[in-house]
Amino acid sequence: MIDAFTLQTFIVSALILFSIISSKLFFRFGFPILLIFLVFGMLAGSDGPGGLDFSDYKLAQSVGTFSLIYILFLGGLESDWEAVSSSLSISLKLSILGTLLTALILGVLINFLFPVLGLLESLLLGSIVSATDAASVFNIFKTGSSDLEERLKKIIEFESGSNDALGVLLTTIFINLITTDSSSFSGWYFARFFFLQIFVGVLMGYSFGLVIVYLMNTVKLGYDGLYLVFITACVPFVYSVTTIFMGNGFLAVYIAGMLIGGFKFIHKKSIFRFLNGYVWILQIGMFLCFGLLVFPSRLAQIWLPGLGIALLLIFFARPAAVFISLFGEKMPTKEKLFISWVGLRGASPIIMATFPIAAGLAGGDLLFHVVFFVVLVSLLVQGSTVQKMAKLLGILKPDSESLYRPRDFDNIEFPGMSLQEMIVPYNSKIVDKALFEIKLPEESHILLIARGEQFLIPSGNTQVKGGDVVWVLAKDEVISYIGNVFRTGDMTPMVLPD
């Protein structure tokens, strides 16, 4: 006789393994991987062939929140602050004004086209799906859109990593207005709540980020594996402490991750690898869990209004919010169109869709299924066409800039040294010279040359060509000199300080 625990363990592990293996096949056809996990969760649920009975919305909310904080933290770690800061005003406008306008525009349209829903209920639904989803955006960019312009990617990632605060605030406001006497809530109350969410979130994220980096580099733990445990435990700690002090925990972990990622610290490469694998497990579990909550038969009942709301969001509310919020910004129209298209919905709206159910709102279950249907359409329509839309709008990197970068070169740790990739200009004086003819400092080594689709292991006789991408390992003090050599061909000997 098989006990319940063993049976449940077998079903859950088999479901995860089957989803992972199947995702490889579906990804070849352009389907977003996270959509596959949602669908498998639906099929495994009580209303599907799997027959698993799961209806604990609070547990699903907890699983989603726990997973999302790690997704945001890793997204912050992998962000390039210089790329983000160069377009910070655009990112903030999208995150704040864009999210607010999306909620209001969509809410008004829903109320106009589906008058059976009251104005407040329509605005609540618009608020729930107003924020773009970090899990979906980060996953799409990692698995299928690596050759997008880096600046554009960072704008979209920062927006999706920071707009949850406003989405949660708007959702909370309209739930309170629906379930209680609206006269007991003042504009000042919500303004103060929003200010605290943002201010405390940024302050805590920045402060904890500095403390974590300091502890990682100064505290000598007895076992290397404990550094992985330490950084893993820091993430929920930052989230929970920030939330206790009325800040936005999601924003705090994203800011902390972004700050930490900009510093050098012990076992950085190992930590990045571990967190990447850990986040994948969390994403799979989260989306399978969300799928288990859904009754496909109910989706069949609301597919028409759900499809209408999804199309309003994708083709009208999101583009209108983007263009209005970015009015006056010197940004090409094709980039605004792309940002409008990559307003993916995913885990964040589903998590917020559990709030009305937890608050005992009448029709909360129906609202959850409508939001879930909107997410499915967003992932299917937008998520599977990100690369095609980028190609159509002509915003992909030139071929020389979109080369595959070997993963093992990411985040390599060499104290006092850096690994840099340098592109050789076509007009550089070192073009067609052999490496032994290029006088580089002894404190440097050329590890690899990427030429077109080929990777070359260089020798002294290897000739440098225009457009080559060269990976150079060198001491920090000579990196700028080497960059000048490759850029201009000037090989005037460098004089190092004594």
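The values are calculated or read from the model by the stated rules, or taken from the named source; none is laboratory data. Just so it is clear, the structure is predicted and the values come from calculations on it, not from any experiment. Cβ: placed from backbone, ideal geometry, glycine included. Neighbour counts: every protein chain shown. Just so you know, the surface numbers come from the protein's heavy atoms only, side chains and all, with ligands and any DNA or RNA stripped out. Shrake-Rupley method; radii C 1.70, N 1.55, O 1.52, S 1.80 Å.
Once the Cβ-Cβ distance between residue 46 and residue 381 is put in as r, and R0 is 35 Å, what FRET efficiency do you end up with, to the nearest 0.05? Working shown, then result.
Values: r = 28 Å, r/R0 = 0.79.
Computed FRET efficiency for residue 46 and residue 381 comes out at 0.80.
Taking the structure as given and computing Cα Rg over 2.2 N^0.38 Å, which label from [x] 0.91; [y] 1.06; [z] 1.28 fits?
[y]
Return the sequence-ordered ³J(HN,Hα) values of region 338-347 in whole Hz as given by the Karplus equation 6.51 cos²θ - 1.76 cosθ + 1.60 applied to θ = phi - 60°, using x for Gly and Pro.
5, 4, 4, 6, 8, x, 5, 10, x, 5
As I understand it, the dipole of the chain uses +1 on the Cβ of Lys and Arg and -1 on the Cβ of Asp and Glu, about the Cα centre. Which of 104, 427, 116 lies farthest toward its positive end?
116
With every protein chain kept in place and ligands, DNA and RNA left out, what is the accessible area per residue of the chain? Probe 1.4 Å, answer in Å². Write down the numbers at each step before the final one.
Numbers: 23170 Å² over 498 residues.
About 47 Å² of surface per residue is accessible.
Checking the cross-link filter: which lysines have an alpha carbon closer than 22 Å to that of residue 336, excluding same-chain neighbours under 8 positions apart?
93, 142, 153, 154, 388, 391, 397
Starting with the highest mean, order 87-97, 63-73 by the number of other Cβ atoms within 10 Å, averaged over the residues of each peptide.
On the way: 87-97: 19.3, 63-73: 23.6.
Going by the mean number of other Cβ atoms within 10 Å, highest first, we get 63-73, 87-97.
Counting each DSSP H run of 4 or more residues in the chain as -39500 (n - 2.57), what helix-only mean residue ellipticity at 222 nm follows after dividing by all residues, to the nearest 500 deg cm²/dmol? Walk me through the intermediate numbers first.
Values: 21 runs with 303 residues, N = 498.
Value at 222 nm, helices only, nearest 500: -20000 deg cm²/dmol.
Enumerate the lysines that residue 264 could reach by cross-link, defined here as Cα to Cα under 18 Å, with residues fewer than 8 away along the same chain left out.
220, 475
If the chain between residue 241 and residue 439 were fully stretched, how many nm would it gain, using 0.36 nm times the residue separation less the Cα-Cα distance? Write out the running numbers ahead of the final one.
On the way: separation 198, 0.36 × 198 = 71.28 nm, distance 5.38 nm.
Contour length minus Cα-Cα distance gives 65.9 nm.
Show me 240-251, 280-291, 151-162, 327-338 ranked by packing, highest mean number of other Cβ atoms within 10 Å first.
Details: 240-251: 20.9, 280-291: 22.8, 151-162: 24.4, 327-338: 13.7.
Order by mean packing, descending: 151-162, 280-291, 240-251, 327-338.
Could you check the simple spin-label distance between residue 89 and residue 429, using points 7 Å along Cα→Cβ, in nm with one decimal?
Taking the simple label geometry, residue 89 and residue 429 are separated by 4.0 nm.
Got the relative contact order for region 50-126 handy, in percent, Cα pairs under 8 Å and 6 or more residues apart? Kindly include the intermediate steps, with their values, before the conclusion.
Numbers: 25 pairs, mean separation 15.3, N = 77.
It comes to 20 percent, rounded to a whole number.
Give me, ordered by chain and number, the residues 5 or more places off residue 45 or on other chains with an amide H under 5 Å from its own placed amide H.
50, 51, 52
If R₀ is 41 angstrom, what is the calculated FRET efficiency for the pair residue 221 and residue 484, using the beta carbon separation as r and rounding to 0.05? The partial results should precede the final answer.
On the way: r = 41 Å, r/R0 = 0.99.
Calculated transfer efficiency: 0.50.
In whole percent, and with a 1.4 Å probe on the protein chains, what portion of the accessible area of the chain is carbon and sulfur? Mind showing how you got there, number by number?
Working: 15380 of 23170 Å².
So the carbon and sulfur contribution to the accessible surface is 66 percent.
Where does helix 150-162 land angle-wise versus the long Cα axis of the chain, in degrees 0 to 90, nearest 10?
Computed tilt is about 40 degrees.
Could you give the length gained on full extension between residue 334 and residue 232, defined as 0.36 nm per residue of separation minus the Cα-Cα distance, in nm? Provide the component values of the computation, followed by the final result.
Details: separation 102, 0.36 × 102 = 36.72 nm, distance 3.93 nm.
Going from the current span to full extension adds 32.8 nm.
If you plug each phi of region 101-111 into the Karplus form 6.51 cos²θ - 1.76 cosθ + 1.60 with θ = phi - 60°, what whole-Hz ³J(HN,Hα) values come out, in order, with x for Gly and Pro?
5, 4, 4, 5, 4, 5, x, 5, 5, 4, 5
Quick check on the chain: of the DSSP beta bridges with both residues there, what percent are antiparallel, nearest 5%? Please list the in-between numbers first.
Details: 18 of 19 bridges.
Once the DSSP bridges in the chain are tallied, antiparallel ones form about 95 percent.
Please give the FRET efficiency for residue 4 paired with residue 302, using the beta carbon to beta carbon distance and R0 = 45 Å, rounded to the nearest 0.05. Intermediate values should be presented prior to the final figure.
Numbers: r = 34 Å, r/R0 = 0.75.
Efficiency computed from Cβ-Cβ geometry: 0.85.
Round to the nearest 10 and give me the degree value, 0 to 90, for the angle of helix 187-218's Cα axis relative to the longest principal axis of the chain.
40 degrees
What's the extension gain from residue 11 to residue 447 if we count 0.36 nm per residue and subtract their Cα-Cα distance?
Values: separation 436, 0.36 × 436 = 156.96 nm, distance 4.65 nm.
152.3 nm is the gain from fully extending residue 11 to residue 447.
Using θ = phi - 60° and the Karplus curve 6.51 cos²θ - 1.76 cosθ + 1.60, what whole-Hz ³J(HN,Hα) does each residue of region 3-15 get, with Gly and Pro shown as x?
6, 4, 4, 4, 5, 5, 4, 4, 5, 5, 5, 5, 5
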